[in-house]
Structure formats: C-alpha cells, structure tokens
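The block underneath contains the structure these notes are about, expressed in structure tokens.
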Amino acid sequence: MATIDWYFDFISPYAYFALLKLDETLPADAEIRMRPLLFAGLLNHHGHKGPAEIASKRVWTYQSCAWTAAQAGIPFRFPAAHPYNSLPYLRLCLAAGATRAATRTIFEALWTTGADPADPALVATLADRLGVSLATLAAPEVKQQLRANGEDAIAAGVFGVPTLVIDGQLFWGVDGMAFAAACLADPTVLANDEMRRLANLPIAAARVPMG
C-alpha cells in the first residue's frame, strides 16, 4: 500500500469533514500519516488569500459548510470566532502523537461545540483529556515537527488543506478524496495520455499581478 500523508489544519471546516470520511473513502488497509500544519504558512508561501479574507467568500463558506453538515447529518457548529489562531491546537495534536483519535478529539471540540478557540481553558481541557502537559506544547521538538510538516508540504506542492499526498500526487479537499481512492484502486486513472497532457498543458494567458 502506498504511503499516504494527510495534511490539515484545525482552522479548516473542510478538514473536519474530510477527517470523518477518511475511513469510508480510503482502503481499510491504508496507512495514513496525520500531518498537522499551519495553513497560514501555505498561504504566505503561495501568495494566496484564505477564504475568510474575502468578505463575501467568508459568508458563503460558513453558510455552505453549515448546510453541508446538516444535509449529511454531521455534528457541526462553527466556533465562536473564525478565523482563529490554530497554533496551540496543532502543537497539542503533535504533542499527543498526532494520532487519529487525538486529531478527532481536537476537531470535535472546535467544530461541534461553538466554543471559543481563543479561550486558554479549552486548550487546557483538551490537553488534560489527551494526557498532555501544557508545557509540552512549547517543546522545541514539537515546534520543529510542525515546521517540518509545513516544509514537507510545500516541497510536495501542497497549496491548501486538507490535502492527501500519495506517492507525490496531490488530492485536495473533500472532493479530492474520491479521486484519491480511485487512483489507489486503479493506477491507470492517472497513467493515461489525457492525464499526462493535462499535467503539461501550456498557459495561454496569465493575469498581471496588481502593483
């Protein structure tokens, strides 16, 4: 089975949705490495704006996520404020071993309760639940692992979260998970002339950056 890295940030509601679909979408014997990273680092590297930085897109995203969750029967409630500083939660996840169980515990605390992510009590409660000392969140090895995850993601070409990276191929977003499963089941999904043509399609026009 191929090595699968799943890059995510707790700031993303789509990452929460994707987490819930990992087991039902990907093969049962797939080994998935949880790779928390700081989404802001990707935005800075690629020169992108986050969805919440465009006013109309922010409202549409929030309402669309609430509707999607309701349609699917997924427990879901936006936190008290968004976007928020996800750094303590990313470090907490790593300090807890970045296990699937720890990752889900943190996601559910942030995306099903309406809690305020900026409340230090929430971090403390989660740390206690996961058996992690708050002091560990500032440990050099935890900080270094988070940096390394971001560097690895950038080196792989990751531009957003959530993203699955399988043998160097990117599968972005919740919708990309079905594409990933199809490629795992049948490698010829990508290994054909049309997919190779698309990977090398020339650019006919480019937007001039605003000065």
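Derivation of every value follows stated rules applied to the coordinates shown; laboratory data play no part. Keep in mind the model is a prediction, meaning the values are calculated, not measured. Every residue, glycine among them, receives a Cβ derived from its backbone with ideal geometry; neighbour counts consider all protein chains shown.
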Task: Environment charge at Leu146 (Cβ cut-off 15 Å; Lys +1, Arg +1, Asp -1, Glu -1) - done: 0
TODO: Among Cys65, Ala30, Phe17, pick out the residue whose Cα is farthest towards the positive end of the charge dipole of the range 1-84, where Lys and Arg carry +1 and Asp and Glu carry -1 on C-beta, about the Cα centre.
DONE: Cys65
Open item on the list: Report the Rg/Rh value for the range 4-199, based on alpha-carbon coordinates and the Kirkwood definition of Rh.
Closed with: 0.96
TODO: State, to one decimal in nm, how far the label point of Asp152 lies from the label point of His82, with both points 7 Å from Cα in the Cβ direction.
DONE: 2.7
TODO: Evaluate the relative contact order of the chain (contact order divided by residue number), counting alpha-carbon pairs under 8 angstrom at least 6 apart; express in whole percent.
DONE: 30
Open item on the list: If the reach is capped at under 19 angstrom between alpha carbons, list the lysines near Lys57, excluding any in the same chain fewer than eight residues apart.
Closed with: Lys49
Task: Most positive-pole-ward Cα, Phe78, Ala118, Ala153, against dipole of the range 4-199 from beta carbon charges - done: Ala118
- [ ] Mind listing the long-range amide H neighbours of Thr112? Cut-off is under 5 Å, sequence gap 5 or more, other chains count too, H placed in the peptide plane at 1.01 Å from N.
- [x] Arg77
Task: Pairs of alpha carbons in the range 106-211 whose separation is greater than 18 Å (percent) - done: 71
Task: Set of aspartates and glutamates with alpha-carbon distance to Lys143 below 13 Å, sequence-local pairs under 8 removed - done: Glu151
- [ ] Report the extension gain between Glu24 and Val59 in nm, rounded to one decimal, defined as 0.36 nm multiplied by the number of residues separating them, less their alpha carbon distance.
- [x] 9.7 nm
Open item on the list: Per DSSP helix of 4 or more residues, -39500 (n - 2.57); summed, then divided by the residues of the chain. What does that give at 222 nm, rounded to the nearest 500?
Closed with: -15500 deg cm²/dmol
Task: Point-to-point label distance, Leu190-Thr112, nm (Cα→Cβ direction, 7 Å offset) - done: 3.2
Open item on the list: Applying a 10 Å radius around every beta-carbon, put 175-183, 190-198, 126-134 in order of their mean neighbour count, most first.
Closed with: 175-183, 126-134, 190-198
